[in-house]
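Trainee: Quick one: structure below, then a few questions.
Please treat every number below as a calculation from the coordinates, not as lab data. Remember, predicted model here, so these are calculated numbers, not experimental data. Using ideal geometry, Cβ is built from the backbone for each residue, glycine included, and neighbour counts are taken over all protein chains shown.
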Amino acid sequence: MPTTTSVRSTLNHFRQLDGIRFLAVGMVLFDHWMVGRIDGLPLGALGVTIFFVLSGFLITRILLSSKDKLSSQPNGGLGKYLKTFYIRRTLRIFPIYYLTLFILYLINEPPVRRTIGWLALYGTNIYIAITKSWMGTVDHLWSLAVEEQVYLIFPLLLFYVPRRLVPVTAILMIIGSIGLRYVMYRSRMPWFIEYVSTPTCLDSFGLGAIMAYGWLYRREWLVRIFSPATGVWLSIACFAVIVYLNNWIAVDSPRGYHNVVSEVWERFAASLLGFFLIGHAIIGFKGPMKWVLEHPVSQYMGRISYGLYLFHNFIFNVFHTQPTHFTVRAWRRLSDIMPFLHSSYFFQFSFYLALTVVLATISWFVIEKPINDLKDRFSY
């Protein structure tokens, strides 16, 4: 049985993963604020998928390590295993999420008022699937709903599945997820139902789980796979080919961009990119990429990435933000004072980014970090 020290050593912090978080959330913000300027390049979807792969790796690593540590206790330590995991997840995720919902409800944000029950229960993606419609400024919360629903399933799944069958289970998740996307595509369901449903996202989490298994029990295999940068470059090339095929097919397809390539294979290609990117970051990038991922700005932005993602849609969204929204009015007033700001969208983008970073910074230091520090009382 692993000692406490060895368990802790498997749960060490990977510095470059904060840089990966920064890249992923940057893709989402860039995509959501640049709609109409970068058509055909699914950066937002890629960023979210990288987060899913990262979550699959981190929670699988945590849960399997905890299971190993508690295996000699009665019932395999199931009670402490679940208690520790959910307390730590609750401290990290819930406070700022529910505070945000509370404030938006008080100021009468329409979709929050209308769907507060679904939002409170992390059922955003289910609401979208049932109503076959997007929700407005809370659309982006579908991915947080997926994460929470996975957190309900993964702990018990990984506790009861024998260690040797974890890779097989992850492979079945990958195959099942891709297959389900194909079935939903053939059923001609609205594309966004397939996009936001938890079962159709499981290939990302499955790849993350395989990576965690390799880190814990097949370290030499993991090093051989991820040490060369070949996998990163090949996965980037694969994703680029998928994007090119999607755009090419979209010209003549009656379903446009939402054809079989994008609905079935794009997420898997993005998951592979995330798999090799994260895997190489675990081993450690060298050269320019090391500088990017470990730069203080990347590290800081990765640390506050949860707040950046949570708040950015309320600061500005091309599709949903009304001309009377306070951030739009503030921008107009500022640009009227300094007319040169109208010369490039770069200035407007930077304005919204600055507001989001300031808000996420306040959230991190005032709310998230003090509460997050309480996790030390509930160690694995």
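Trainee: With the cut-off at 28 Å, tell me which of the pairs 67/286; 69/286; 69/290; 83/369 have Cα atoms farther apart than that.
Mentor: 67/286; 69/286; 69/290
Trainee: Sticking with this one: Counting alpha carbon pairs within less than 8 Å and at least 6 residues apart, what relative contact order, in whole percent, applies to the chain?
Mentor: Taking the mean separation of contacting Cα pairs over the length of the chain, I get 28 percent.
Trainee: Where a ≥ b ≥ c are the square roots of the eigenvalues of the C-alpha gyration tensor, would you call the stretch 229-380 rounded, which needs a/c under 1.5, or, failing that, prolate if a/b is larger than b/c, or oblate?
Mentor: Oblate, because a/c is 1.5 or more while a/b does not exceed b/c.
Trainee: Let me ask you something else. Taking the chain as a Gaussian network, Cα atoms linked when under 10 Å apart, which of 167, 111, 288 shows the biggest mean-square fluctuation?
Mentor: The residue that fluctuates most here is 288.
Trainee: Here is a follow-up. Using the basic label-point model (7 angstrom from Cα toward the beta carbon), what is the residue 318 to residue 34 distance in nanometres?
Mentor: The modelled label-to-label distance comes out at 1.0 nm.
Trainee: State whether the stretch 35-190 is rounded, prolate or oblate according to the following rule on the C-alpha gyration tensor (a ≥ b ≥ c being the square roots of its eigenvalues): a/c under 1.5 gives rounded; otherwise a/b larger than b/c gives prolate, and the remaining case gives oblate.
Mentor: oblate
Trainee: In addition: How would the stretch 99-248 be classified by its alpha-carbon gyration tensor: rounded, prolate or oblate, with rounded meaning a/c under 1.5 and the a/b versus b/c comparison settling the rest?
Mentor: It is prolate, given that a/c is not under 1.5 and a/b is the larger ratio.
Trainee: Please order 72, 253 by the number of other Cβ within 10 Å, starting at the fewest.
Mentor: 72, 253
Trainee: Still on this structure, I have one more. What residue among 304, 337, 210 shows peak mean-square fluctuation when the chain is described by a Gaussian network model with Cα springs under 10 Å?
Mentor: Judging by the Gaussian network model, the answer is 337.
Trainee: Treat each spin label as a single point 7 Å out from the Cα along the C-beta direction, and report the residue 132 to residue 160 distance in nm.
Mentor: According to this spin-label approximation, the distance is 3.5 nm.
Trainee: In what order do 336, 139 fall by count of nearby beta-carbon atoms within 10 Å, going from fewest to most?
Mentor: In increasing order of surrounding Cβ atoms, one gets 336, 139.
Trainee: Right, next: Compare 257, 217, 345 in a GNM of the chain, Cα atoms joined below 10 Å, and give the one with the largest fluctuation.
Mentor: Per the Cα network of the chain with a 10 Å cutoff, 345 tops the list.
Trainee: While we're on this one: Taking each full run of DSSP H in the chain as one helix, which ones are at least 24 Å long along their axis (Cα atoms) and have mean Kyte-Doolittle hydropathy of at least -1.0?
Mentor: 15-33, 43-70, 78-106, 142-160, 166-186, 230-250, 266-283, 345-363
Trainee: Suppose R0 equals 35 Å. What FRET efficiency, 1/(1 + (r/R0)^6) with r the Cβ-Cβ distance, do residue 105 and residue 344 give to the nearest 0.05?
Mentor: Once the sixth-power term is evaluated, E becomes 0.45.
Trainee: Follow-up question, since we're still on this one. Any idea how far the Cα center of the stretch 158-174 sits from the one of the stretch 205-279, in Å?
Mentor: 20
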